[in-house]
Amino acid sequence: MKSMRHLWFLLLVSLPLGAMGQSTTPSDKPADFLTKEFHRQRREQLRQLLPARSVAVFFSAPVRNRANDVDFHYHQNPDFYYLTGYKEPNSVLLLFSEKQNINGQATTEVVFAQPRNPQAESWTGKRLGAEGVKNQLGLAAAYPNTDFNAFKLDTASLQQVLFFELPHDVRNEERDRSDLYDLLAQFKQKVGITNGKSFAHQELYNAIRQYDARAGQQVQQEVKRQMEADPALANNANLKDYVAAKDASARAAVVARIPKEKLDMSSLEEIMNQMRETKTPEELVLLRKAVAMSAIGQLEVMKAMQPGMSEMEVQGIHEYVYKKYGAEYEGYPSIVGAGNNGCILHYTENERPKLNNDLVLMDLGAEYHGYTADVTRTIPANGKFTPEQKQIYELVYVAQEAGFAQCKVGNDFQAPNQAAQKVMADGLIKLGIIKTPEEARKYTMHGVSHYLGLDVHDRGTYGPFKHNTVITVEPGIYIPEGSPVDKKWWGIGVRIEDDVLITNTGWENLSKGAPRSVKDIEATMAQPSALDDFKLPVLK
Ligand code: GLY
Ligand code: MN
Ligand code: MN
(Lines give C-alpha, C1' and ligand atoms only; values in the text may rest on other atoms or scores of the structure.)
(Ligands and ions follow the chains in the order given, each with its own letter.)
Protein backbone atom coordinates (compact mmCIF):
# COMPACT_ATOMS: atom_id res chain seq x y z
CA MET A 1 0.00 0.00 0.00
CA LYS A 2 1.38 3.36 -0.95
CA SER A 3 0.58 6.21 1.34
CA MET A 4 2.00 8.32 4.04
CA ARG A 5 4.18 11.31 3.72
CA HIS A 6 3.20 13.10 0.56
CA LEU A 7 -0.27 12.10 -0.46
CA TRP A 8 -2.23 10.70 2.36
CA PHE A 9 -4.11 13.87 3.20
CA LEU A 10 -5.31 14.15 -0.41
CA LEU A 11 -6.37 10.53 -0.57
CA LEU A 12 -8.17 10.76 2.72
CA VAL A 13 -11.10 12.69 1.30
CA SER A 14 -12.18 9.54 -0.52
CA LEU A 15 -12.10 7.36 2.61
CA PRO A 16 -15.40 6.30 4.12
CA LEU A 17 -15.85 8.04 7.45
CA GLY A 18 -16.42 4.75 9.21
CA ALA A 19 -12.76 3.87 8.71
CA MET A 20 -11.66 6.67 10.98
CA GLY A 21 -11.22 6.60 14.71
CA GLN A 22 -11.88 2.87 14.96
CA SER A 23 -11.62 1.77 18.54
CA THR A 24 -9.26 -1.01 19.54
CA THR A 25 -10.81 -3.78 21.56
CA PRO A 26 -8.67 -5.17 24.40
CA SER A 27 -8.29 -8.52 22.62
CA ASP A 28 -6.45 -6.77 19.75
CA LYS A 29 -3.24 -6.93 21.81
CA PRO A 30 -1.35 -9.60 23.73
CA ALA A 31 -1.91 -9.44 27.48
CA ASP A 32 1.67 -10.08 28.62
CA PHE A 33 3.39 -6.75 28.03
CA LEU A 34 5.39 -5.16 30.83
CA THR A 35 2.97 -3.57 33.30
CA LYS A 36 2.63 0.12 34.09
CA GLU A 37 3.78 -0.72 37.59
CA PHE A 38 7.04 -2.07 36.14
CA HIS A 39 7.69 1.15 34.24
CA ARG A 40 6.69 3.26 37.26
CA GLN A 41 9.19 1.42 39.42
CA ARG A 42 11.91 1.94 36.80
CA ARG A 43 11.25 5.68 36.87
CA GLU A 44 11.32 5.62 40.64
CA GLN A 45 14.67 3.84 40.66
CA LEU A 46 16.07 6.29 38.13
CA ARG A 47 15.01 9.20 40.34
CA GLN A 48 16.88 7.67 43.24
CA LEU A 49 20.03 7.52 41.14
CA LEU A 50 19.73 11.08 39.83
CA PRO A 51 21.88 13.81 41.36
CA ALA A 52 20.04 16.38 43.53
CA ARG A 53 18.19 19.13 41.65
CA SER A 54 18.53 17.50 38.27
CA VAL A 55 16.41 16.46 35.34
CA ALA A 56 16.94 13.51 32.98
CA VAL A 57 15.69 14.12 29.44
CA PHE A 58 14.91 11.31 27.00
CA PHE A 59 13.86 11.67 23.38
CA SER A 60 11.97 9.06 21.40
CA ALA A 61 13.88 7.35 18.59
CA PRO A 62 13.85 9.03 15.17
CA VAL A 63 11.58 7.74 12.41
CA ARG A 64 13.83 6.24 9.72
CA ASN A 65 13.02 6.50 6.05
CA ARG A 66 13.44 3.39 3.91
CA ALA A 67 12.76 4.94 0.51
CA ASN A 68 10.44 7.53 -0.99
CA ASP A 69 7.32 7.61 1.19
CA VAL A 70 7.98 4.36 3.06
CA ASP A 71 9.58 4.39 6.50
CA PHE A 72 11.24 1.52 8.35
CA HIS A 73 9.13 -0.15 10.98
CA TYR A 74 9.31 2.16 13.99
CA HIS A 75 11.38 1.01 16.95
CA GLN A 76 11.30 3.01 20.16
CA ASN A 77 14.45 4.11 21.98
CA PRO A 78 14.83 1.22 24.48
CA ASP A 79 15.55 3.57 27.42
CA PHE A 80 12.35 5.51 26.70
CA TYR A 81 10.41 2.24 26.43
CA TYR A 82 11.93 0.85 29.64
CA LEU A 83 10.88 3.93 31.58
CA THR A 84 7.40 4.39 30.12
CA GLY A 85 6.17 1.56 27.88
CA TYR A 86 5.46 4.28 25.30
CA LYS A 87 6.21 3.19 21.75
CA GLU A 88 5.45 6.27 19.64
CA PRO A 89 7.82 8.74 17.95
CA ASN A 90 8.12 12.54 18.29
CA SER A 91 8.05 12.58 22.07
CA VAL A 92 10.15 13.74 24.98
CA LEU A 93 10.22 12.50 28.57
CA LEU A 94 11.49 14.57 31.51
CA LEU A 95 12.18 12.98 34.88
CA PHE A 96 13.07 15.32 37.74
CA SER A 97 14.88 14.39 40.92
CA GLU A 98 12.43 16.53 42.95
CA LYS A 99 8.85 17.61 42.37
CA GLN A 100 8.30 20.52 40.02
CA ASN A 101 5.29 22.70 39.55
CA ILE A 102 4.05 21.98 36.02
CA ASN A 103 0.85 23.83 35.13
CA GLY A 104 -0.13 23.87 38.80
CA GLN A 105 0.58 20.17 39.30
CA ALA A 106 3.40 19.02 41.59
CA THR A 107 5.08 16.20 39.67
CA THR A 108 8.46 14.61 39.05
CA GLU A 109 7.57 13.40 35.55
CA VAL A 110 6.14 14.71 32.33
CA VAL A 111 5.85 13.40 28.78
CA PHE A 112 5.26 15.52 25.71
CA ALA A 113 3.53 13.02 23.47
CA GLN A 114 2.58 12.70 19.84
CA PRO A 115 -0.94 14.15 19.68
CA ARG A 116 -4.02 12.22 18.57
CA ASN A 117 -4.87 12.72 14.91
CA PRO A 118 -7.78 10.66 13.53
CA GLN A 119 -6.72 11.15 9.91
CA ALA A 120 -3.13 10.05 10.49
CA GLU A 121 -4.30 7.23 12.75
CA SER A 122 -6.45 5.72 10.02
CA TRP A 123 -3.24 5.34 7.97
CA THR A 124 -0.51 4.54 10.44
CA GLY A 125 -2.28 3.21 13.52
CA LYS A 126 -3.67 4.30 16.81
CA ARG A 127 -1.94 6.89 18.94
CA LEU A 128 -2.26 7.18 22.70
CA GLY A 129 -2.11 10.96 22.79
CA ALA A 130 -1.39 12.79 26.04
CA GLU A 131 -4.54 11.41 27.69
CA GLY A 132 -3.61 7.83 26.82
CA VAL A 133 -0.08 8.34 28.13
CA LYS A 134 -1.60 9.39 31.45
CA ASN A 135 -4.46 6.91 31.68
CA GLN A 136 -3.02 3.83 30.02
CA LEU A 137 0.70 4.15 30.81
CA GLY A 138 0.22 5.86 34.18
CA LEU A 139 2.53 8.85 33.70
CA ALA A 140 1.59 11.57 36.20
CA ALA A 141 1.69 14.39 33.64
CA ALA A 142 1.43 14.35 29.86
CA TYR A 143 0.85 17.03 27.27
CA PRO A 144 0.81 17.13 23.49
CA ASN A 145 4.28 17.67 22.01
CA THR A 146 2.98 20.96 20.58
CA ASP A 147 3.12 22.30 24.17
CA PHE A 148 6.84 21.59 24.57
CA ASN A 149 7.92 24.81 22.90
CA ALA A 150 6.08 26.96 25.45
CA PHE A 151 7.04 24.72 28.39
CA LYS A 152 9.39 26.54 30.77
CA LEU A 153 12.24 24.38 31.93
CA ASP A 154 13.52 26.19 35.02
CA THR A 155 17.19 25.71 34.28
CA ALA A 156 18.23 28.32 36.87
CA SER A 157 16.94 26.17 39.71
CA LEU A 158 18.46 22.96 38.31
CA GLN A 159 22.00 21.92 39.09
CA GLN A 160 22.19 19.41 36.27
CA VAL A 161 20.45 18.58 33.01
CA LEU A 162 21.23 15.00 32.00
CA PHE A 163 20.66 13.76 28.47
CA PHE A 164 22.14 11.47 25.85
CA GLU A 165 24.00 12.63 22.79
CA LEU A 166 21.39 14.35 20.64
CA PRO A 167 20.95 12.76 17.21
CA HIS A 168 22.06 14.84 14.24
CA ASP A 169 20.37 12.83 11.50
CA VAL A 170 16.72 13.58 12.16
CA ARG A 171 14.34 14.51 9.38
CA ASN A 172 12.35 17.73 9.71
CA GLU A 173 8.79 17.19 8.47
CA GLU A 174 7.70 20.44 6.85
CA ARG A 175 4.11 20.15 7.98
CA ASP A 176 4.85 19.17 11.58
CA ARG A 177 6.14 21.89 13.91
CA SER A 178 6.61 19.49 16.83
CA ASP A 179 8.32 16.49 15.33
CA LEU A 180 11.53 15.17 16.87
CA TYR A 181 13.61 17.65 14.85
CA ASP A 182 11.68 20.55 16.35
CA LEU A 183 11.62 19.10 19.87
CA LEU A 184 15.41 18.79 19.77
CA ALA A 185 15.80 22.36 18.59
CA GLN A 186 13.42 23.58 21.30
CA PHE A 187 15.33 21.65 23.95
CA LYS A 188 18.66 23.10 22.82
CA GLN A 189 17.21 26.54 23.05
CA LYS A 190 15.80 25.97 26.55
CA VAL A 191 19.14 24.80 27.96
CA GLY A 192 21.40 27.02 25.86
CA ILE A 193 23.16 24.52 23.61
CA THR A 194 24.58 26.50 20.74
CA ASN A 195 25.79 25.20 17.40
CA GLY A 196 29.24 23.72 17.63
CA LYS A 197 29.16 23.21 21.41
CA SER A 198 31.28 20.15 22.08
CA PHE A 199 30.60 17.57 24.76
CA ALA A 200 33.48 15.34 23.69
CA HIS A 201 35.46 15.96 26.91
CA GLN A 202 32.53 14.68 29.01
CA GLU A 203 32.79 11.23 27.53
CA LEU A 204 36.42 11.13 28.57
CA TYR A 205 35.54 12.49 32.04
CA ASN A 206 33.05 9.69 32.31
CA ALA A 207 35.47 7.01 31.13
CA ILE A 208 38.03 8.31 33.63
CA ARG A 209 35.50 8.21 36.50
CA GLN A 210 34.34 4.71 35.60
CA TYR A 211 37.57 2.97 34.70
CA ASP A 212 40.50 4.79 36.35
CA ALA A 213 40.55 2.55 39.41
CA ARG A 214 40.41 -0.61 37.31
CA ALA A 215 42.63 0.26 34.36
CA GLY A 216 44.14 3.70 34.93
CA GLN A 217 47.15 3.38 32.65
CA GLN A 218 45.06 2.22 29.70
CA VAL A 219 42.60 5.06 30.28
CA GLN A 220 45.52 7.50 30.35
CA GLN A 221 46.73 6.17 27.00
CA GLU A 222 43.29 6.45 25.47
CA VAL A 223 42.74 10.00 26.76
CA LYS A 224 46.14 11.00 25.36
CA ARG A 225 45.30 9.48 21.99
CA GLN A 226 41.95 11.28 21.79
CA MET A 227 43.47 14.61 22.86
CA GLU A 228 45.98 14.34 20.03
CA ALA A 229 43.22 13.56 17.54
CA ASP A 230 40.66 16.20 18.57
CA PRO A 231 41.60 19.91 18.88
CA ALA A 232 38.49 20.48 21.03
CA LEU A 233 40.10 18.28 23.69
CA ALA A 234 43.74 19.26 23.36
CA ASN A 235 43.62 22.24 25.75
CA ASN A 236 41.31 20.82 28.39
CA ALA A 237 43.13 21.41 31.69
CA ASN A 238 41.58 18.46 33.55
CA LEU A 239 42.48 16.04 30.79
CA LYS A 240 46.03 17.46 30.59
CA ASP A 241 46.47 16.94 34.32
CA TYR A 242 45.12 13.41 34.09
CA VAL A 243 47.45 12.43 31.29
CA ALA A 244 50.43 13.96 33.15
CA ALA A 245 49.67 12.17 36.45
CA LYS A 246 52.61 9.98 37.40
CA ASP A 247 50.93 7.31 39.51
CA ALA A 248 47.62 6.01 40.81
CA SER A 249 47.32 8.51 43.65
CA ALA A 250 48.11 11.46 41.38
CA ARG A 251 45.47 10.20 38.96
CA ALA A 252 42.96 9.77 41.81
CA ALA A 253 43.52 13.38 42.84
CA VAL A 254 42.60 14.54 39.32
CA VAL A 255 39.60 12.22 39.21
CA ALA A 256 38.33 13.77 42.45
CA ARG A 257 38.31 17.28 40.99
CA ILE A 258 36.86 16.53 37.57
CA PRO A 259 33.60 18.48 37.61
CA LYS A 260 30.10 17.30 36.82
CA GLU A 261 28.92 19.97 34.41
CA LYS A 262 25.44 21.41 34.39
CA LEU A 263 24.72 20.24 30.85
CA ASP A 264 25.78 16.65 31.21
CA MET A 265 25.70 14.41 28.18
CA SER A 266 27.45 11.42 29.68
CA SER A 267 26.26 10.63 33.23
CA LEU A 268 22.85 9.37 32.17
CA GLU A 269 24.49 6.56 30.26
CA GLU A 270 26.23 5.44 33.44
CA ILE A 271 22.91 5.40 35.31
CA MET A 272 21.01 3.54 32.59
CA ASN A 273 23.86 1.04 32.22
CA GLN A 274 23.64 0.30 35.91
CA MET A 275 19.85 -0.07 35.88
CA ARG A 276 19.47 -2.17 32.74
CA GLU A 277 22.34 -4.54 33.51
CA THR A 278 20.26 -6.51 36.02
CA LYS A 279 16.82 -7.76 35.07
CA THR A 280 13.66 -7.75 37.18
CA PRO A 281 11.54 -10.94 37.36
CA GLU A 282 9.03 -9.32 34.98
CA GLU A 283 11.73 -8.70 32.39
CA LEU A 284 13.07 -12.22 32.78
CA VAL A 285 9.68 -13.70 31.85
CA LEU A 286 9.82 -11.93 28.47
CA LEU A 287 13.52 -12.53 27.89
CA ARG A 288 13.12 -16.24 28.65
CA LYS A 289 10.29 -16.43 26.13
CA ALA A 290 12.28 -14.64 23.42
CA VAL A 291 15.21 -16.98 23.95
CA ALA A 292 13.11 -20.16 24.21
CA MET A 293 11.30 -19.49 20.92
CA SER A 294 14.60 -18.68 19.22
CA ALA A 295 16.02 -22.00 20.42
CA ILE A 296 12.95 -23.80 19.08
CA GLY A 297 13.49 -22.02 15.76
CA GLN A 298 17.01 -23.52 15.66
CA LEU A 299 15.61 -26.97 16.49
CA GLU A 300 12.94 -26.81 13.76
CA VAL A 301 15.52 -25.67 11.20
CA MET A 302 17.78 -28.58 12.11
CA LYS A 303 14.94 -30.96 11.28
CA ALA A 304 13.98 -29.16 8.07
CA MET A 305 17.38 -28.32 6.56
CA GLN A 306 18.31 -29.80 3.15
CA PRO A 307 21.40 -29.05 1.02
CA GLY A 308 19.06 -27.76 -1.73
CA MET A 309 17.64 -25.00 0.46
CA SER A 310 18.73 -21.37 0.21
CA GLU A 311 20.09 -19.22 3.03
CA MET A 312 16.98 -17.04 2.72
CA GLU A 313 14.66 -20.01 3.09
CA VAL A 314 16.45 -21.08 6.28
CA GLN A 315 16.08 -17.53 7.60
CA GLY A 316 12.37 -17.69 6.79
CA ILE A 317 11.85 -20.88 8.80
CA HIS A 318 13.45 -19.39 11.92
CA GLU A 319 11.44 -16.20 11.60
CA TYR A 320 8.21 -18.07 10.95
CA VAL A 321 8.67 -19.91 14.25
CA TYR A 322 9.12 -16.55 16.07
CA LYS A 323 6.00 -15.11 14.50
CA LYS A 324 4.06 -18.24 15.33
CA TYR A 325 4.93 -17.53 18.99
CA GLY A 326 3.93 -13.87 18.64
CA ALA A 327 7.35 -12.18 18.40
CA GLU A 328 7.02 -8.76 16.78
CA TYR A 329 10.44 -8.55 15.14
CA GLU A 330 13.92 -9.92 14.95
CA GLY A 331 16.21 -8.37 17.57
CA TYR A 332 18.87 -7.70 14.89
CA PRO A 333 19.24 -8.58 11.22
CA SER A 334 19.26 -12.38 10.87
CA ILE A 335 22.54 -14.01 9.86
CA VAL A 336 22.46 -17.23 7.82
CA GLY A 337 25.82 -17.96 6.17
CA ALA A 338 26.76 -21.18 4.41
CA GLY A 339 30.43 -22.13 4.01
CA ASN A 340 32.69 -19.12 3.55
CA ASN A 341 29.75 -16.77 4.24
CA GLY A 342 29.82 -18.10 7.80
CA CYS A 343 33.26 -16.51 8.18
CA ILE A 344 31.76 -13.01 7.78
CA LEU A 345 30.81 -12.15 11.35
CA HIS A 346 27.70 -10.11 10.58
CA TYR A 347 26.78 -11.56 7.18
CA THR A 348 23.17 -10.49 6.56
CA GLU A 349 22.69 -10.73 2.79
CA ASN A 350 21.61 -14.36 3.17
CA GLU A 351 21.28 -14.68 -0.59
CA ARG A 352 23.19 -17.85 -1.49
CA PRO A 353 20.73 -20.00 -3.45
CA LYS A 354 21.99 -23.40 -2.25
CA LEU A 355 23.58 -24.53 1.01
CA ASN A 356 25.16 -27.60 -0.66
CA ASN A 357 27.14 -29.70 1.80
CA ASP A 358 28.59 -26.76 3.71
CA LEU A 359 28.40 -25.78 7.34
CA VAL A 360 25.66 -23.22 7.91
CA LEU A 361 26.15 -20.58 10.60
CA MET A 362 22.78 -19.28 11.84
CA ASP A 363 22.76 -16.33 14.27
CA LEU A 364 19.21 -15.20 14.90
CA GLY A 365 17.13 -13.88 17.78
CA ALA A 366 13.45 -13.17 18.19
CA GLU A 367 12.39 -9.88 19.73
CA TYR A 368 9.42 -10.48 22.00
CA HIS A 369 7.71 -7.43 23.53
CA GLY A 370 10.98 -5.53 23.29
CA TYR A 371 13.34 -8.22 24.63
CA THR A 372 15.69 -9.92 22.23
CA ALA A 373 17.36 -13.30 22.12
CA ASP A 374 20.74 -13.89 20.43
CA VAL A 375 21.32 -17.56 19.61
CA THR A 376 23.75 -19.12 17.13
CA ARG A 377 24.00 -22.67 15.93
CA THR A 378 26.34 -23.95 13.21
CA ILE A 379 25.24 -27.14 11.50
CA PRO A 380 26.18 -29.20 8.42
CA ALA A 381 23.56 -28.75 5.70
CA ASN A 382 23.52 -32.48 4.89
CA GLY A 383 23.17 -33.52 8.53
CA LYS A 384 26.68 -34.94 9.07
CA PHE A 385 29.85 -33.05 10.12
CA THR A 386 33.01 -33.82 8.11
CA PRO A 387 36.08 -34.67 10.26
CA GLU A 388 37.51 -31.13 9.81
CA GLN A 389 34.19 -29.43 10.54
CA LYS A 390 33.81 -31.61 13.62
CA GLN A 391 37.31 -30.81 14.92
CA ILE A 392 36.71 -27.07 14.73
CA TYR A 393 33.16 -27.42 16.06
CA GLU A 394 34.24 -29.40 19.09
CA LEU A 395 36.99 -26.95 19.86
CA VAL A 396 34.48 -24.10 19.92
CA TYR A 397 32.20 -26.30 22.02
CA VAL A 398 34.76 -26.91 24.76
CA ALA A 399 35.73 -23.23 24.66
CA GLN A 400 32.08 -22.38 25.29
CA GLU A 401 31.94 -24.84 28.20
CA ALA A 402 34.99 -23.10 29.68
CA GLY A 403 33.16 -19.79 29.24
CA PHE A 404 30.00 -21.10 30.96
CA ALA A 405 32.07 -22.20 33.95
CA GLN A 406 33.08 -18.57 34.53
CA CYS A 407 29.48 -17.31 34.68
CA LYS A 408 29.43 -16.59 38.41
CA VAL A 409 28.31 -13.58 40.39
CA GLY A 410 31.41 -11.57 41.28
CA ASN A 411 33.56 -12.83 38.40
CA ASP A 412 35.00 -10.19 36.11
CA PHE A 413 33.00 -9.59 32.93
CA GLN A 414 36.02 -10.72 30.90
CA ALA A 415 36.37 -14.08 32.68
CA PRO A 416 34.33 -16.16 30.17
CA ASN A 417 36.16 -14.48 27.29
CA GLN A 418 39.60 -15.17 28.76
CA ALA A 419 38.76 -18.80 29.52
CA ALA A 420 37.27 -19.47 26.08
CA GLN A 421 40.06 -17.68 24.20
CA LYS A 422 42.67 -19.74 25.99
CA VAL A 423 40.95 -23.02 25.07
CA MET A 424 40.66 -21.95 21.43
CA ALA A 425 44.28 -20.77 21.18
CA ASP A 426 45.59 -24.02 22.68
CA GLY A 427 43.32 -26.08 20.43
CA LEU A 428 44.29 -24.22 17.25
CA ILE A 429 47.95 -24.85 18.06
CA LYS A 430 47.22 -28.57 18.56
CA LEU A 431 45.46 -28.73 15.20
CA GLY A 432 48.49 -27.11 13.55
CA ILE A 433 46.47 -24.09 12.38
CA ILE A 434 48.62 -21.61 14.33
CA LYS A 435 51.98 -21.77 16.05
CA THR A 436 51.68 -19.28 18.92
CA PRO A 437 48.72 -18.21 21.11
CA GLU A 438 49.07 -14.63 19.82
CA GLU A 439 48.04 -15.76 16.33
CA ALA A 440 44.70 -17.09 17.56
CA ARG A 441 42.85 -13.77 17.37
CA LYS A 442 43.27 -13.88 13.59
CA TYR A 443 40.66 -16.68 13.63
CA THR A 444 38.75 -15.80 16.83
CA MET A 445 38.14 -12.16 16.10
CA HIS A 446 35.41 -11.24 18.54
CA GLY A 447 34.87 -11.25 22.29
CA VAL A 448 32.75 -13.98 23.79
CA SER A 449 30.11 -12.06 25.77
CA HIS A 450 27.80 -9.09 25.82
CA TYR A 451 24.74 -8.24 27.89
CA LEU A 452 21.34 -9.09 26.49
CA GLY A 453 17.96 -7.44 27.06
CA LEU A 454 16.04 -4.69 25.30
CA ASP A 455 19.07 -4.30 23.06
CA VAL A 456 20.95 -7.23 21.60
CA HIS A 457 24.14 -5.57 22.81
CA ASP A 458 22.44 -4.42 25.96
CA ARG A 459 23.44 -1.81 28.48
CA GLY A 460 25.63 -2.79 31.40
CA THR A 461 28.64 -1.67 33.41
CA TYR A 462 31.02 -4.40 32.20
CA GLY A 463 32.10 -4.77 35.83
CA PRO A 464 31.87 -7.96 37.93
CA PHE A 465 28.81 -10.13 37.23
CA LYS A 466 25.72 -9.36 39.28
CA HIS A 467 22.62 -11.34 40.25
CA ASN A 468 19.97 -11.55 37.48
CA THR A 469 22.22 -10.56 34.61
CA VAL A 470 21.82 -12.11 31.17
CA ILE A 471 24.83 -12.40 28.89
CA THR A 472 25.76 -14.32 25.76
CA VAL A 473 28.57 -16.86 25.69
CA GLU A 474 29.56 -17.09 22.05
CA PRO A 475 33.01 -18.27 21.09
CA GLY A 476 33.74 -18.57 17.38
CA ILE A 477 36.47 -19.73 15.01
CA TYR A 478 36.45 -18.51 11.41
CA ILE A 479 38.90 -19.71 8.75
CA PRO A 480 38.03 -17.90 5.50
CA GLU A 481 39.15 -19.13 2.11
CA GLY A 482 42.69 -17.96 1.36
CA SER A 483 43.86 -18.22 4.99
CA PRO A 484 47.53 -19.29 5.34
CA VAL A 485 46.60 -22.80 6.53
CA ASP A 486 45.96 -26.21 4.97
CA LYS A 487 43.12 -25.83 2.46
CA LYS A 488 41.11 -28.50 4.22
CA TRP A 489 40.19 -25.86 6.84
CA TRP A 490 39.08 -23.19 4.37
CA GLY A 491 35.53 -21.96 4.56
CA ILE A 492 34.89 -23.36 8.03
CA GLY A 493 33.25 -20.78 10.29
CA VAL A 494 31.76 -21.92 13.57
CA ARG A 495 30.03 -19.88 16.26
CA ILE A 496 28.04 -21.39 19.11
CA GLU A 497 26.08 -18.77 21.02
CA ASP A 498 23.91 -19.28 24.05
CA ASP A 499 22.10 -16.87 26.36
CA VAL A 500 23.00 -17.33 30.01
CA LEU A 501 21.21 -16.09 33.12
CA ILE A 502 23.60 -15.49 36.01
CA THR A 503 22.13 -15.54 39.52
CA ASN A 504 23.34 -15.89 43.09
CA THR A 505 22.75 -19.63 42.84
CA GLY A 506 24.66 -20.25 39.59
CA TRP A 507 24.07 -19.98 35.84
CA GLU A 508 21.31 -21.22 33.56
CA ASN A 509 21.48 -21.72 29.81
CA LEU A 510 18.24 -20.12 28.60
CA SER A 511 18.79 -21.37 25.03
CA LYS A 512 19.40 -25.00 25.94
CA GLY A 513 16.36 -25.99 23.85
CA ALA A 514 18.58 -25.73 20.74
CA PRO A 515 20.68 -28.91 20.34
CA ARG A 516 24.34 -28.06 20.80
CA SER A 517 26.61 -31.12 20.78
CA VAL A 518 27.65 -32.80 17.52
CA LYS A 519 25.75 -35.90 18.59
CA ASP A 520 22.52 -34.05 19.42
CA ILE A 521 22.68 -31.92 16.26
CA GLU A 522 23.19 -34.95 14.01
CA ALA A 523 20.40 -36.86 15.77
CA THR A 524 18.01 -33.89 15.44
CA MET A 525 18.84 -33.39 11.76
CA ALA A 526 17.92 -37.03 11.11
CA GLN A 527 14.40 -36.40 12.43
CA PRO A 528 11.48 -35.67 10.09
CA SER A 529 10.18 -32.11 9.78
CA ALA A 530 6.67 -30.75 9.33
CA LEU A 531 8.11 -28.93 6.31
CA ASP A 532 9.25 -32.09 4.50
CA ASP A 533 5.98 -32.20 2.59
CA PHE A 534 5.62 -28.44 2.15
CA LYS A 535 5.91 -27.93 -1.60
CA LEU A 536 5.17 -24.75 -3.51
CA PRO A 537 4.66 -24.40 -7.26
CA VAL A 538 7.84 -23.66 -9.20
CA LEU A 539 7.91 -20.08 -10.53
CA LYS A 540 9.18 -19.45 -14.05
N1 GLY B 1 24.12 -11.33 16.72
C2 GLY B 1 25.07 -10.37 17.10
C3 GLY B 1 25.96 -10.88 18.12
O4 GLY B 1 26.08 -12.07 18.28
O5 GLY B 1 26.54 -10.16 18.88
MN1 MN C 1 25.84 -12.03 20.47
MN1 MN D 1 24.56 -13.43 17.74
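Key figures for this structure:
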{"read-out": "When residues of region 466-500 are limited to those that are closer than 22 Å to residue 294 by Cβ and open to solvent by 10 Å² or more (accessible area, probe 1.4 Å), the one nearest to the chain's Cα centre (by Cα)", "value": "474"}
{"read-out": "Matching helices (runs of 4 or more DSSP H) fully within region 1-100 where at least 3 residues are out of contact with any strand residue (DSSP E or B) (no Cβ under 9 Å at 6 or more places or on another chain) and modelled with pLDDT under 95", "value": "8-11"}
{"read-out": "Pairs, first among the charged types (D, E, K, R) in region 46-66, second surrounded by fewer than 15 Cβ atoms within 10 Å (Cβ to Cβ), C-beta under 8 Å, six or more apart", "value": "53/98; 53/157; 53/159; 64/72; 66/72"}
{"read-out": "Any chance residue 418 is open to solvent by 30 Å² or more (accessible area, probe 1.4 Å) and either at pLDDT 95 or above or in a strand (DSSP E or B) (or both)", "value": "yes"}
{"read-out": "Test: residue in region 477-499 that is more than 24 Å from residue 367 (Cα to Cα) and of a type in the set (Ser, Thr, Tyr)", "value": "yes"}
{"read-out": "Of all residues making up region 459-486, the number that are assigned to a loop (DSSP other than H, G, I, E, B) and within 16 Å of ligand 2 (Cβ to nearest atom)", "value": "5"}
{"read-out": "Filter pass, residue 204 being within 18 Å of residue 115 (Cα to Cα), of a type in the set (A, V, I, L, M, F, W, C) and in contact (Cβ under 8 Å) with a residue 24 or more places away in the chain", "value": "no"}
{"read-out": "Subset tally (residues that are small (Gly, Ala, Ser) and closer than 19 Å to residue 51 by Cα) for region 68-105", "value": "1"}
{"read-out": "Filtered residues of region 396-415 (kept if open to solvent by less than 20 Å² (accessible area, probe 1.4 Å) and among the hydrophobic types (A, V, I, L, M, F, W, C))", "value": "396, 399, 404, 407, 413, 415"}
{"read-out": "Members of region 328-340 that are outside any strand (DSSP E or B) and more than 15 Å from ligand 1 (Cβ to nearest atom)", "value": "328, 339, 340"}
{"read-out": "Given (1) in a loop (DSSP other than H, G, I, E, B); (2) under 18 Å from residue 295 (Cβ atoms); (3) more than 16 Å from ligand 3 (Cβ to nearest atom), index of the condition residue 508 fails", "value": "(1)"}
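The values are calculated or read from the model by the stated rules, or taken from the named source; none is laboratory data. Note that the structure is predicted; figures quoted are calculated from it, not measured. When we count neighbours, we look across all protein chains shown, and the Cβ atoms used for this are built from the backbone with ideal geometry, even at glycine. Surface accessibility is based on the protein's heavy atoms, side chains included, excluding ligands, DNA and RNA. Shrake-Rupley method; radii C 1.70, N 1.55, O 1.52, S 1.80 Å.
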